[in-house]
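The values are calculated or read from the model by the stated rules, or taken from the named source; none is laboratory data. What you see is a predicted model; the values in this text were computed from it and never measured. Virtual Cβ from ideal backbone geometry, glycine too; neighbours counted across all protein chains shown. Remember, those area values only see protein heavy atoms, side chains included, never the ligands or the DNA or RNA. Shrake-Rupley method; radii C 1.70, N 1.55, O 1.52, S 1.80 Å.
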Amino acid sequence: MSAMTEHTLAAPAVTRLLPKPGTLLVGLVVIGVAVVAASSAPRVLASLLTQSVIVAFLALGVGLLIRISGLVSFGHAAPFGLGAYGAAWALSPAAPIAPEIGLLLIAPAIGAAFFLIGLVVSRIEGIAFGMLTLALGQSVHVAANKFRTLSGGSDGLIVDVPRRLWGFRTEALQTASGMLIVAVAALMAVLLALAVFERTRAGRLAVAIRENEERVRFLGYRTRAPKAVVLALSAAIPALGGVLFTLYQGFVSPEILTWGFSGQALIMAILGGSVALWGPIAGALAFFVLREELGGLTSHWLAILGTTLIVVTVTWPTGLAGAFGALGRRLTGTVAKGDPA
Amino acid sequence: MSAIFRCEGLGKQYGGVVALQGVDLELEVGKVHGLIGPNGAGKSTFIDVASGRTAGFGRVHFQGRDITAVAPGERRRMGVSRSFQRTSIFPALTIRDQLDLAAHGAGGGDVEALAAMLGLDRVLDRRAEEVSYGQQRLVDLALALVGAPKVLLLDEPAAGLSVAESEVLATHLEEISAQWNVAVLLVEHDMDVVFRICHVLTVLASGRFLVSGPPSEVRTDPAVIRAYFGSTA
Amino acid sequence: MLINALNGLVYGSLLFVLSAGLVLVYGLRRVVNFAHGALYMLGAYIGWSVATLYGFAAGVVAAGVALAAVGVVLDLVLFRRLAGRQPLITVIVTFGVLLILEDVVRSVWGTGNRALDPPAALDGVVEIFGAPFPVYRLFIVAASAAMAGGLAAWLRWGRTGLFVRAASHDASVAAMCGVRTAAIGPMVVGLGAAFAGLSGIVAAPFLSIHPSMGSEILVLSFVVSVIGGLGSFAGAFVAAMLLGQVQSFGTVLLPELAALLPFLLMAGVLIFRPQGIAGTKG
């Protein structure tokens, strides 16, 4: 272990930021598996996987906020839903700019908006933050229902996806198998970007602020902007998922803005765990598989979900990612501090 | 030589309780100024007010400039740094990463050399929560030392250390004050450390200034013996 | 205008009684109970079932007693064990409780709307300021005032109440008196849940009974407790009354924005006074 870190230290700065080659390989393998699954899986399974991968963007955003800032959000359906509505507006004939440009601007714009929100709410922490996000999410939900001319109200908007975008035919995006490949590739790209971010000084500063904000201030930093950057990232990623959602479904409605949806994303993030970046993605997959399996078996899906959530939170707070890590260490015979006994 | 860091009339009230009242103190480059006194004398309150951690009364000057209203982060970039009595570090970060952050925040500093000097070089790539308590105390100190500040406010750096560890710490502090052109304020309970490395001592009792002077004089001052040594003997 | 103010008072009283339960539990256990809205809903459904068989008064008693029991169980099984854990964990656990209670309600009573008529004695209208006003709404104000008064008296003069008040003022008091907290916990959480259940059944003839009534009102009771300052009864009272008026006048004056106003109010308070109207720092 120490020999390896000494080695990476000697290497140039850029390669220090990149994840280990093995990690990159896993990402490529996941994309490969997605391609195979997309071409060979039965339609029901492909559709389930596609749904879960798109929602995984939301879970990843929620999980990132827990992982880096230690903050719990009950309102992240808002950036996801705004991304989806944004895509619908960008694709509407009335849009002032070309859809190819509009679609690319959505996630950065929502990220920027949340950066500003982050600057304003930087003093709010813990429980109050959770309640604030709940209110924020609810107000977006209410607004989507009220402002019918923009959002179509509770009926939602039907989106006419152009036949070609960026010179590619878009039919495939509206099939489960086509979207699966695109969404998984995008998700892996986001994961890679996050892994790099966490290794930059800004990423480490964000973790340091979560651990001990006072000392960070005594080390010569202002803490407001770094906290807002994490909130912005945690919103831009769901926004990207929202864009994919619209391209895939061709339809948006306030359903994806409810706080129940935010809560589901939180459950996925907790279930998956935040000790690894990919935890929430695993949580999203597990959530959809569980719902599919249990939803057919019993009508008490909600109660089972609630019980699972309580048991996981209380007895295994590191979630699937923690369990997987512990298993990996057991197999390789190393022991790490902090594993639940 | 004139004072680089000057505190005038520092005070603090908690509710109706006066924790610190009108204490003056000056720090000079190259000197270690010890601040001692029995429990509850107001030593930690003094360092908290002087460093801008808590708001209180009085003025703080650094290099002739009034920095009373300057935020802690800005003070650190100017060269006024402090350590914490209750270890204030980043458990989940490696020691290298947190020292690197501290160096960047202070505007530069040689992390490797500092770690080598404090004997932290062998644990640089361990997370802070994985190393011993004594090493965590050194990390807290190192976070304050990175970037060679001009003024160091140290809040009981030897708290919780073994006798051997305290001796090593005292040696480091002696070296630093001699070689770095730094003015040090040392709040400390460990009298062996205090009398070994301090050039000047100020004694507080019940939140008030009691006496100040060279350690040899303070040691024999009857008022100090009554207020301090008398109470522990 | 005066009728609007009166309607705001009705809604505000209901919100206060509900939020008082939330504040009570937060004060002692430092748990923000996301299941509080579900408890309110459960109270409405249980009360409805009993009221349709044995009359409204029996329904009210049943809702109070049943929910007090649920609260005691919740504290003994979950909240007590979570004392001292990260707020993150307790919040998520209560969210799990919310899901379970919603499942219970859906399984037992289905997903349709239920309506409950006010008892005959409280049915009808009176004339106030020259306009007809339902008697039942006046009953809501009276019932809320009675509950709030009872709670205030208990907090002021009761031995246990005094301790709860001290504990909600300063968490370290609760920590120092650990042994007593252990005995008091189930009682306080039971009382908080009973308040949720009672406000549920009292609200039932005024608002309708449906499976999402809990989550709708939960969000509003959060708004109340955040604006008021977490853990403060006086703050919650002011905030609930304020919100009642905002809702009542908002619907009339700004129908497009009415539903948004509570959240705008809450965001504003959090930004400019994060500790709320009556909260203390930290």
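If you wrap the tightest convex hull around every Cα atom of segment A:2-258 and split its volume per residue, you get 154 Å³.
FRET efficiency for the pair C:Val252 and A:Ser40, taken as 1/(1 + (r/R0)^6) with r the Cβ-Cβ distance and R0 = 41 Å, rounds to 0.10. Take every pair of alpha-carbon atoms less than 8 Å apart whose residues are at least six positions apart; their mean separation over the length of chain B yields a relative contact order of 28 percent.
Chain C and chain A together bury an accessible surface of about 3300 square angstrom, both sides counted, with a 1.4 Å probe and no ligands or nucleic acids included. About the centre of its Cα atoms, segment B:36-107 shows a dipole size close to 140 debye [charges on the beta carbon of Lys, Arg (+1) and Asp, Glu (-1) only; nearest 20 debye]. Close amide H contacts of B:Val211 (hydrogens built in the peptide plane, cut-off under 5 Å, sequence separation of 5 or more or a different chain): B:Val203. Chain A packed on chain B takes about 2300 Å² of accessible surface away from a 1.4 Å probe, both sides summed. When each of the peptides A:31-39, A:18-26, A:118-126, B:202-210 is scored by the mean number of other C-beta atoms lying within 10 Å of its residues, the order from highest to lowest reads B:202-210, A:118-126, A:31-39, A:18-26. Relative to the longest principal axis of the Cα atoms of chain A, the long axis of helix A:319-332 lies at roughly 40 degrees. When the charge dipole of chain C is built from unit charges on Cβ atoms (+1 for Lys and Arg, -1 for Asp and Glu) and taken about the Cα centre, the candidate among C:Gly124, C:Val32, C:Ala83 whose Cα reaches farthest toward its positive end is C:Ala83. Percent of accessible area on chain A owned by carbon and sulfur, 1.4 Å probe? The computed percentage sits at 69. Calculated mean residue ellipticity, 222 nm, chain B: -10000 deg cm²/dmol, from DSSP H runs (n ≥ 4) at -39500 (n - 2.57) each, averaged per residue and rounded to 500. Once the partner protein chains are put back, segment A:127-150 shows a loss of at least 40 square angstrom of accessible area, versus the chain by itself, at A:Ile127, A:Met131, A:Leu132, A:Leu134, A:Ala135, A:Ser139, A:Val142, A:Lys146, A:Phe147 (probe 1.4 Å, ligands and nucleic acids excluded). Share of carbon and sulfur in the accessible area of chain C stands at 69%, probe radius 1.4 Å.
C:Tyr11 contributes an accessible area of around 40 Å² to the protein surface, as traced by a 1.4 Å probe with all chains present.
Computed over chain C with a Gaussian network model linking Cα atoms closer than 10 Å, the most mobile of C:Val164, C:Val73, C:Val126 is C:Val126. For the protein assembly as shown, the per residue solvent-accessible surface stands at 42 Å², with DNA, RNA and ligands left out and a 1.4 Å probe. When the Kirkwood hydrodynamic radius is evaluated over all pairs of different C-alpha atoms of segment A:208-268, what value in angstrom, to one decimal, is obtained? Its Kirkwood hydrodynamic radius stands at 14.3 Å. With the biggest extent put first, the Cα atoms of chain C measure 56, 45, 36 Å across the principal axes. What does the extension gain come out to for B:Arg196 and B:Arg86, with contour length at 0.36 nm per residue minus their alpha carbon separation? Between B:Arg196 and B:Arg86, full extension yields 37.3 nm more. Once the Cβ-Cβ distance of B:Asp110 and C:Ser208 is raised to the sixth power relative to R0 = 60 Å, the FRET efficiency obtained is 0.30. Within segment C:214-233, the residues that become at least 50 Å² less accessible when every protein chain is included than when their own chain is isolated (1.4 Å probe; DNA, RNA and ligands ignored) are C:Val219. Can you pull the mean other chain C-beta count within 10 Å for peptide A:311-323? Counting Cβ atoms of other protein chains within 10 Å of each residue's Cβ and averaging gives 2.
Other residues whose C-beta falls under 13 angstrom from the C-beta of A:Ala90 contribute a net charge of -2, scoring Lys and Arg +1 and Asp and Glu -1. Between the amide H of B:Leu185 and those of B:His33, B:Leu152, B:Leu153, B:Leu154, distances stay under 5 Å, these residues lying 5 or more places away or on another chain, with hydrogens modeled in the peptide plane. Here the accessible area of chain B is 50 percent carbon and sulfur, with a 1.4 angstrom probe and all protein chains present.
Label positions at A:Glu100 and B:Asn39, each projected 7 Å from the Cα along the C-beta direction, are separated by 7.4 nm.
Take each residue of peptide C:103-110, count the partner chain Cβ atoms within 10 Å of its Cβ, and average: the result is 3.
Any chance you could check the Cα centroid distance between segment A:150-165 and segment A:40-107 for me, in angstrom? Here the answer is 15 Å between Cα centres.
In the elastic network of chain A, a GNM with C-alpha springs shorter than 10 Å, the most mobile of A:Val29, A:Val53, A:Val62 is A:Val29.
GNM on chain B, alpha-carbon springs under 10 angstrom: the most fluctuating residue among B:His33, B:His189, B:His172 is B:His172. Using only Cα atoms, find the angle between the long axis of helix C:178-203 and the longest principal axis of chain C, and express it within 0 to 90 degrees, rounded to the nearest 10. That helix lies at roughly 10 degrees to the long axis.
Take every pair of alpha-carbon atoms less than 8 Å apart whose residues are at least six positions apart; their mean separation over the length of segment A:124-223 yields a relative contact order of 7 percent. Restricting to Cα pairs below 8 Å that are 6+ residues apart, what does the relative contact order work out to for chain A? Please round to a whole percent. That works out to 31 percent.
With all pairs of different C-alpha atoms in the average, the Kirkwood value for the hydrodynamic radius of the protein assembly as shown is 30.1 Å. Taking the Cα centre of chain A as origin and assigning +1 to Lys and Arg Cβ atoms and -1 to Asp and Glu Cβ atoms, the resulting dipole is close to 740 debye.
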